[in-house]
Amino acid sequence: MRKFYSVVVSNPQKILVCFISLAILGAILQNFISVNYEMADYLPEDSPSTVSLDIMEAEFDGGIPNARVMVRDVTIAEALEYKEKLKACDGVAEVTWLDNAADIYQPLETLDTDTVETYYKDNTALFTVTIDEDQEIETVDAIREIIGEDNAMTGTAVSTAVATTSTVSEIQLITVLAVLGVLIVLTLTTTSWIEPIIVLIGLGVAIMINNGSNLIFGEISFVTNAAGPVLQLAVSLDYSVFLIHRYEECLRENPDRKEAMVDALCKSTSSILSSGLTTVIGFLALVVMRFKIGPDMGVALAKGIAISLITVFIFMPALILKVYPLMQKTHHRRLLPEFDRFGRFVRKVMIPMACVMAVLVVPSYLASNQNDYYYGSSKIFDGTTQVGSDAAAVEEVFGKSDTYVLLVPNGDPTAEVRLSQALQEIPQVKSILSYVDTVGTEIPKEYLDEEIRSQLVSDNYSRMVLTVETDYEGDATFELVERLRDTAAVYYPDSYYLAGEGVSTYDLMDTITADTVKVNLIAIGAVFVVLLLTMKSISLPVILVLAIEAAIWVNMAIPYFTGSTVFYISYLIISSIQLGATVDYAILFTDRYMELRRSMTKKRAIVQTVAAVTTSILTSGTVVTVVGFLLGGISSHGILSQLGMFLGKGTILSMISVFFVLPGLLYLFDGVIRRTTLKTNFYQPRKEKLS
């Protein structure tokens, strides 16, 4: 390694030009990466709803209805005019209203009440609209212009369009505020006015290179696009800070700047790499998820941390050597106090705090697995947003409603009639739009108008559009999906296809809940193995992982005790992110404790360790916390907002665990650590008391 680092410090100019060029290229390339906000697109390809959607797209021009548009104070004639305007919008594939399900030229009183009130109630019309996924933003804007602000629209297409536009501007604001937050934190914790700028330059280069390299995926998820850069900023911050501090230490021993940098790199490689490796593994655990947002985010974040490590070991030495004279000129006294007094306080409370955690850990673990969850995207915007208030307005008039599409093979009209009759007996099914219900079996399909025929039948399948009175997700919705599938299976075993938002959410729930145990076990097991190999200890990995996992369980138990509903995706992702992002704090603390323990008693080693590592942990932890709370407080997207709040609270809990619980565990299990760790050489006094 010394030979490699000697080459690095001998060519600073070439390295700076190379990395800055890559960063500029990355900034350009990231503009060509598409971002996907459709939750259903991340279901496994073999999930029933995904297969159904693929068959449907191949057989029919119109897709699944993905929007509902409500217009108040209209007559039947005016509603028909609105329907034509909606159909004329570029990007609208299909519009369904009462005239598709019944003969509106008859008196409404003579028609089926459920069918009428599905589309027209209290002089208010509700249109079911299918919007092309590739034109959602433009189409939603066009529909809004047609209906005006006083009317309402809701559905996945609307949520996706709004999420796409709002998230872009929100992330820009979050990034700016995060950079300002990092500057403030680094200014307080470093001893040079220019050092925060240097650290941010290194982080910026790494982030831009990583963002541009995401082009290899072609498309990334909205979670990766929104949270990836700020998480990379927060998690990899301490690598550069640690290198700078180690360089200053080596410079005091060796005045030759290049030689001192080589020494600093050699001495810091092991600790930075082990820290980065555990973070990378924590993120890579998401790759085993069948729900594809996990692999998407896991690979992108792991790649980002790897690029940050490369930047720290190659770009940062060149940058530091170039600007170090300026760092010396802008040197200032330490702004934070010494933490010896804090170390003595920790020594006094560490045993009680370890006992408190021992009491909390089991109920927290149990509670963290008993939360109420949202699995889909129907609740990502609350009532404070226009999307949320529109959804509430539609529900107030027409109730909870969703649209499912059922495909059955052509060729057996009798079975289609019997299936339709069976479906109509299900209380939640309010209307069915199909060939056998709308046209009747007595009229040959060849005599139908082509527009009507293309909506109801294809060469291979008949299509039934079901309007169901249920929410987009929840226990009642999932029970309905199961009942619809069971009913269809009676008449068309293994040959029907059911799709819709509620159906996709059911499959989403089925997929990601199965991922939970697998992801958590792999993340914990992989981090444990890395710690086992790097620390050469059997007991230390158990203690470190337990300290962080306890903080994770408490974090995830808070919603249960406060009665809050959790987005399952946030719940699943945060476990790996919090473990990967904060286990570094426990590693840093333990490494320093093991080093000091060779020359002093365990009581004194605890005090000195706290004093030595508090600034480093506070620097990184505060930045991660600030980034988390910024994401949580600014983002209007429910999943991103909740993920940010979990990250902010989780980081605080992890720091509390590292500062107050981990010392107690190290103290209590000092003897076990000594016997289960290679080459400890602990200092052994004759007698030691805790005081």
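Structure data summary
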quantity	calculated
Student exercise, the chain dipole from Lys, Arg, Asp, Glu Cβ charges, in Debye to nearest 20	7760
Calculated over region 445-593: convex hull of Cα atoms, volume per residue (Å³)	183
Percent RCO, i.e. relative contact order, over the chain, from Cα pairs under 8 Å lying at least 6 residues apart	20
In region 9-60, GluC sites (Glu not before Pro) in a DSSP loop with at most 16 other beta-carbon atoms within 10 Å	E45
Signed unit charges on C-beta, dipole axis of the chain, positive-most listed residue T191, T384, G304	T191
Computed E for I426/I538 - FRET, C-beta separation, R0 56 angstrom, nearest 0.05	0.45
Accessible area in the full protein assembly, largest first, 1.4 Å probe, for I15, I28, I673	I28, I15, I673
Net dipole in debye of region 329-420 [+1 Lys, Arg Cβ; -1 Asp, Glu Cβ; about Cα centre; nearest 20]	1340
Cα Rg, Dmax, the chain, angstrom units	30.0, 101
Accessible surface, the chain, averaged per residue in Å² (probe 1.4 Å)	42
Exposed trypsin sites (Lys or Arg not before Pro) absent: longest stretch of the chain, with sites in DSSP loops and at most 11 other Cβ within 10 Å deemed exposed	335-678
Low-density loop cleavage sites - chymotrypsin sites (Phe, Trp or Tyr not before Pro) in region 343-390, where at most 16 other Cβ are within 10 Å (DSSP)	none
Spin-label model distance (nm) - D494 vs L360, 7 Å beyond Cα toward Cβ	5.3
Qualifying GluC sites (Glu not before Pro) for region 63-156 [loop in DSSP, other Cβ within 10 Å: at most 13]	E149
For region 12-156, radius of gyration divided by Kirkwood radius, i.e. Rg to Rh on alpha-carbons	1.21
Mean projection area, nm², convex hull over Cα of region 578-658	5.1
Carbon plus sulfur fraction of accessible area for the chain, probe 1.4 Å, in percent	57
Environment charge at L108 (Cβ cut-off 11 Å; Lys +1, Arg +1, Asp -1, Glu -1)	-3
Potential lengthening between A514 and C18 on full extension [0.36 nm per residue; Cα-Cα distance subtracted]	174.1 nm
Region 223-347 - Rg (one decimal) and Dmax (whole number), Cα, Å	17.9, 54
Student exercise, region 613-691 dipole from Lys, Arg, Asp, Glu Cβ charges, in Debye to nearest 20	460
Hits among lysines - C-alpha to C-alpha of K87 under 29 Å, sequence gap 8 or more where chains match	K121, K379, K400, K430, K445
Largest-first principal axis extents of the Cα set of region 1-63 (Å)	64, 27, 17
Quarter of the Cα convex hull surface for region 547-691, i.e. its orientation-mean projected area (nm²)	9.8
Cα-based Rg of region 353-435 normalised by 2.2 N^0.38 Å, two decimals	1.93
Residues in region 163-190 that a label on L336 would reach, taking backbone N under 16 Å of a point 7 Å out along Cα→Cβ	181-190
FRET efficiency, 1/(1 + (r/R0)^6) with R0 22 Å, evaluated for D99 and D150 via beta carbons	0.40
Inter-site label distance for T562 and T269 at 7 Å from Cα along Cβ, in nm	4.5
Over 29 Å between alpha carbons, listed pairs K3/K603; K322/K536; K3/K536; K267/K603; K14/K329; K303/K602	K3/K603; K322/K536; K303/K602
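The values are calculated or read from the model by the stated rules, or taken from the named source; none is laboratory data. Note that the structure is a prediction, hence the values are computed from the model and not measured. Here the Cβ is made from the backbone with ideal geometry for all residues, glycine too, and neighbour counts use every protein chain on show. Note: areas computed on protein heavy atoms with side chains; ligands, DNA, RNA excluded. Shrake-Rupley method; radii C 1.70, N 1.55, O 1.52, S 1.80 Å.
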